[in-house]
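Visitor: My questions will all concern the structure given below.
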Amino acid sequence: MAEATPALRILLHERAPVHVSCHADRDRVVEVFRTALSRPGPPADFALQAVQDAIKPQRQTVLVQDENQLLENALRTLLQDMVSSAVKFEQRVMQYGQLIDDGECDNGQVSRLLDIVLYLCERGHVEGGMIFQLLEDLTEMSTMKDCEEVFAYIEGKQNILGKQELFGRGKLVMLRTCNQLLRRLSKANDVVFCGRIIMFLAHFFPLSERSAVNIKGLFNISNETKFEKDAPDGISLDFNFYKTFWSLQDHFSNPASTTLGPSKWQKFLSSLNVVLDAFEAQPLSEDDGHSSGIEEASSFNIKYLTSSKLMGLELKDPSFRRHILVQCLILFDYLKQAPGKNDKDGPSESMKEEIKSCEERVKRLLEMIPPKGKEFLHSIEHILEREKNWVWWKRDGCPAFEKQVVEKKTNQDETKKRKQRWRLGNKELSQLWRWAEQNPNALTDPERICTPSVAEYWKPLAEDMDVSAGIEAEYHHKNNRVYCWKGLRFSARQDLEGFSRYTEHGIEGVVPPDLLPSEVRSKFQTKPNEKSKRAKKDEEIKGATTIDEIQSATAASEGDNGGNGGELDNTAAPMDADASIVAVPQHGEPNQEGQKQSPEMDMGNDAEQSEAEVEAEEAEADGDVDPEAETNTASGELQEERAGESP
C-alpha cells in the first residue's frame, strides 16, 4: 500500500491491535456486503450503513488503519468468489449475478460492488486506494474478453478516479494495471484495445508526469525484423538488394548504435543510398497512388511482411515507400539533435553534411509519391518540429506546465519595494549600452554600416521602369511609401541634382539616368534651368542699362556747364526710358512734362524687351535657334537702337 497523505481523512494513529478472529470477521464482512448488493437504489443510500454494520468502527464515518485493512481483505475475497462463480457458470464477469433494477440501468453484482467501493472512497469513508486495488485484482482474474468490459467500466469512471484525493493514492496501481494489460494483449490483433489503454493513460495522467515519459531515450531493441538470409529457388528479384533493404531496420530500431563507430555509419549510408537509388529509378505514377487505396484505413499495418516473394509488390506500394522514408527522417532528426547532453557528443561536421544531403533526397522522394505528396511531407515536417520541443522539455527535467497562482498581497501597510532604476530607462537598453562600452569598436565597424549607395538603392525601381521587364504597375516599388521616403533621404544627402528632379517628374525622376534604358532615359533628360537663363538675361540687360545711364549722365553734365538754354534746346533729344534724364527748361526749373513722360517710355521699352524674350523662347521651343545666341542678338540690337537715339 502507498503511504497515506495528510489530505486523506483516514486516521493513522498508534493504538492496540484489534484482537479478532481474522477468518470469522472476514466472513462476516463478506456476508454483510453480499446482502448490500441486493439492495435497490444508489450506493449513497446504504453504502455507509453497510460499512458500519460490517466493521463497527471506532469513529462514526471514518476507519482507522486496521479497519481499512480488514475491509479491503474482505472485499478482495468477495470479488474473487464472484469471479470464480462467473467462470463456473460460464457467464461474463461484469454481467454475473442477479440483475438489480434501480430505475435507471441494470448492473451485475461485480459492477454493483465496484460502485459501492468507489462511492466510499470518493467520500473519504475508506482508504482511497482500495478501488484501484480491486480493479487490479479484477483484471488479473479475468480473461482478455472480460478485461475489455472491465476497462470500459474504468473509462466510464475516469472523471471520478482522476480526482486529486483518489489520484494521489492509486496512480501507480492504475499504471501497473494498464501496463499488465498491454503486455497481455497482442500488438497485431488487439490494436484498438491497446490504443484505448494508451489514450486513457494520456488523459488520466498529467502531461508533465515523469512516469509517462521516456526520460533516458531508450529504444525498443526487442523489436526485431526477421528476413530471409538465403536466397530461395526460383526468385527473380536481386537477393542482395533484398538483404540490403531489410538490413536498414536494424539501424531504425536502435539509432544510437549507428553512431557508435564510423564503420557502422558508412555501412548504413551505403545501404540507404542503394535503396534511394532504387526508389528514384522506379518512380510511382498517379495511377499507382489511386489503385493502392492508400487513403483507406485498411491499408494500415503494424508490421510489413518480409518475404522475398512480396518484395516486388511492396516496392510498388506508395504506403510502403512512405513508411520506409519516414523512418529515415525520424532517424536523421534523432541524429541531428545530439543525443548526448553536450555538443561534443553530437555528429561530426562531415556526418552533418552527409545527413543533410540524404535528408534532401528523402524529402524529394516523398513529394513524388502520389497522392498528395507535398501535403504529406508538410505534415511530417510539422510533427518532427513539434518533437524537438518535446525532446528539449525532457532534457530540462520535465518541468510542470501548470503555473502556481500567485496571490496578490492586499496589506496596504506593507512597504512597497522600490523598483530598480536603470541607466537608460530599462534593462535591455542598459545592457546594450554596457556592451558597447566594453566593445567600443562595435559601432564603428565598417561591416556594420549598411547604408546603400543611391545607384544601388534605386536599382529595383529602375528595373520596374523598364518596359521590357513586363512588371505590372501594382507591383512597382514606387507604390511603397516607405521605400520612396528612404530613397528621397538618400538622394537629398548624396545626389542633389537627382533630388531636384522630383518636383517635375515625381519619384521616377529621382532615379539616376545611368540605371535607365535608353528609351526611358529620354523622358527624364534634364532641360536647361529656366531660372538660370532668366538670371543671365537680367545680368545682360542690367549691364546694357548701366552703359546708357552713364552716357546720358555725361550729356546732361555738359549741358549744365554751358549755361546756354538755346544750346540745351539744340542738343536736347529723346532719351531712353532707362536713362531717367529730366529735361531742364530755360528758367532752370525741372520739366514736369518730362517726368510724366518717362514712365510711359519705360513701359514701352519693357514691352519691346518682353516681345523679344517671347520670340526667343518660341524659337527655342521649335529648336531652330540657340537660346543663348538669340538672347545675345536681341541684347545687341537693343543696344544699337538705344545708341542711335542717344545724342
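Visitor: Rg/Rh for the range 239-395: what does it come to with C-alpha atoms and Rh from Kirkwood?
Guide: That ratio equals 0.97.
Visitor: Taking θ as phi - 60°, what are the ³J(HN,Hα) couplings along the range 178-187 by the Karplus curve (6.51, -1.76, 1.60), each to the nearest whole Hz, with x for Gly and Pro?
Guide: 5, 5, 5, 5, 5, 5, 7, 7, 8, 6
Visitor: Say the dipole of the range 454-524 comes from +1 at the beta carbon of Lys and Arg and -1 at that of Asp and Glu; which of 520, 460, 484 then lies farthest toward its positive end?
Guide: Positive-most Cα among the choices belongs to 484.
Visitor: Next up: Among 237, 159, 219, which residue has its Cα furthest toward the positive end of the charge dipole of the range 147-278, with +1 on Lys/Arg Cβ and -1 on Asp/Glu Cβ?
Guide: Looking along the dipole axis, the top candidate is 159.
Visitor: Something else now. With a ≥ b ≥ c taken as the square roots of the eigenvalues of the C-alpha gyration tensor of the range 454-524, please select rounded if a/c is under 1.5 and otherwise prolate if a/b is larger than b/c or oblate if it is not?
Guide: Oblate, since a/c reaches 1.5 and b/c is not below a/b.
Visitor: Most exposed first by the Cβ proxy, i.e. fewest other Cβ within 10 Å, how do 93, 391 rank?
Guide: Lowest count first: 391, 93.
Visitor: Say the dipole of the range 239-395 comes from +1 at the beta carbon of Lys and Arg and -1 at that of Asp and Glu; which of 382, 274, 334 then lies farthest toward its positive end?
Guide: 334
Visitor: Hey, another quick one. Using a 10 Å cut-off around each Cβ, can you sort 418, 434 from fewest to most neighbouring Cβ atoms?
Guide: Fewest-to-most Cβ neighbours within 10 Å comes out as 418, 434.
Visitor: Sorting 317, 277 on the 10 Å Cβ count, fewest up front, what's the list?
Guide: So the residues, fewest neighbours to most, are 277, 317.
Visitor: Under the Karplus relation 6.51 cos²θ - 1.76 cosθ + 1.60, θ = phi - 60°, what is the ordered set of whole-Hz ³J(HN,Hα) values for the range 86-94, x standing for Gly and Pro?
Guide: Using θ = phi - 60°, the values come out as 5, 5, 5, 8, 6, 10, 5, 5, 6 Hz.
Visitor: Average projected area of the Cα convex hull of the range 22-212, in nm²?
Guide: Here the figure is 11.4 nm², rounded to one decimal.
Visitor: Something else now. Please tell me which of these pairs span more than 30 angstrom C-alpha to C-alpha: 187/388; 356/394; 157/303; 363/478?
Guide: Result: 157/303; 363/478 exceed 30 Å.
Visitor: Evaluate the distance, in nm, between pseudo-label points positioned 7 Å from the Cα of residue 38 and of residue 352 along their respective Cα→Cβ axes.
Guide: 7.8 nm
Every read-out reported here was derived from the displayed coordinates using simple, explicitly stated rules and does not represent laboratory data. As the structure is a prediction and not an experimental result, all values here were calculated from the model. Heads up, the Cβs are rebuilt from the backbone with ideal geometry, glycines too, and the neighbour counts pull from every protein chain shown.
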